[in-house]
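The values are calculated or read from the model by the stated rules, or taken from the named source; none is laboratory data. Nothing here was measured: the structure is a model prediction, and the numbers come from that model. A quick note on method: Cβ atoms are made from the backbone with ideal geometry, for glycine too, and the neighbour counts reach across all protein chains shown.
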Amino acid sequence: MINSIGLGLGSAIDTSKLRESGKSAPKGSVPGSSAQTARLSPSPAARMAAQGAPVDTDKIAAIKAAIASGNYPVDAEAIAQKMLDLDLPQD
């Protein structure tokens, strides 16, 4: 039976749990209301995504300066090997 049309996923899950337990929602409560959603906290992954990727701006500036001055070592053989390693299936 479909009882969760128009509800968010969390509300649909809450409604499903209530149905399975044989209980009903308190009178006047609306699934997905702020009282129910307030208890939900973002997952650690969601919090990390909201913060953005960690960036070491000092290291980036040092690498840019080394490249600009021609002092950044580039090992073409190592780069080529890594590219091949990523492209070929491992047996």
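Observations on the structure shown:
- Qualifying residue in region 37-58 (condition: at pLDDT below 60 and touching a helix residue (DSSP H, G or I) at 6+ places or on another chain (Cβ under 7 Å)): yes
- When region 47-85 is filtered for residues that are within 20 Å of the chain's Cα centre (by Cα), surrounded by fewer than 10 Cβ atoms within 10 Å (Cβ to Cβ) and not β-branched (Val, Ile, Thr), the ones remaining, listed by number, are 50, 51, 52, 53, 54.
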